[in-house]
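Comments concern the structure below.
Each value in this text was obtained by applying a stated rule to the coordinates, not by laboratory testing. From a predicted model like this one, the values you see are computed outputs, not experimental measurements. Ideal geometry is used to build each Cβ from the backbone, glycine not excepted, and the neighbour counts take in all protein chains shown.
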Ligand SMILES: [Zn+2]
Ligand SMILES: [Zn+2]
């Protein structure tokens, strides 16, 4: 997938930056937060989400630009969703962070998305607590094309973005879509499905259910989605917002659930 290739460059750039920063030796111990565990490739923390082996609790950083905060129903629903799938005997806690508006004239590309996280993220793994960054953006994805819009992207092991501006535009422009929380929830849960390692990106497939239809750019590389129509991880579940008219947040199908359970999830 294009997103993954872009990210590899970003990771590489970070490693160089991180090394040179260590070399100058000017940081005090207090300012030196180890961020590396939260800057790995998508899917590598699947078991950290699903099992209690390394982490018994989760801290969610819900970051948003003023005016683009998700509904309380969506936040509560995400916590419930995490409790249903992840073995976390301790708490799932929320930290809200307000982020300065992005440049309204431009859509966001992956480099800008990573930069916003780098500038604003305050929560990183500590001890046995796993930290996650979710940013609700006041902007669209640069990958939007006509009627095909991107509602969210998971781009690192504990990072995802929800294009809240795009979601609200869809709700405002379509009288059939009157449930903001449903579209936010579906987008959020779908991106967490990728953080959980679906499909076959950190959480192995027990049986083949990976969608192999051509990607947007015409290549037929696996696109990390499920080929079961109606599944939360089915591509159209989030690419075609009109399919969300039913009022319900989509759920994992049995094949995705089986993969998650086999990799330590509930
Ligand atoms: Zn997806
Ligand atoms: Zn599925």
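Quick notes on this structure:
- The stretch 34-262, relative contact order in percent, only Cα pairs under 8 angstrom and at least six apart counted: 23
- Take the Cα of residue 120, step 7 Å toward its Cβ, do the same at residue 71, and the gap between the two points is 2.2 nm.
- Taken over the stretch 79-229, the alpha-carbon convex hull comes to 150 cubic angstrom per residue.
- Cα→Cβ-extended label distance, 7 Å offset, between residue 266 and residue 174, nm: 3.2
- Modelled label positions at residue 100 and residue 41, each set 7 Å beyond Cα in the direction of Cβ, lie 3.4 nm from each other.
- The order of 234, 64, going from fewest to most other C-beta atoms within 10 Å of their C-beta, is 64, 234.
- Segments 121-128, 136-143 sorted - mean Cβ within 10 Å per residue, highest first: 136-143, 121-128
- Computed over all pairs of different Cα atoms, the Kirkwood value for the hydrodynamic radius of the stretch 55-117 is 13.6 Å.
- A protection proxy built from the mean count of other Cβ atoms within 10 Å ranks the segments 155-164, 77-86, 250-259, most packed first, as 155-164, 250-259, 77-86.
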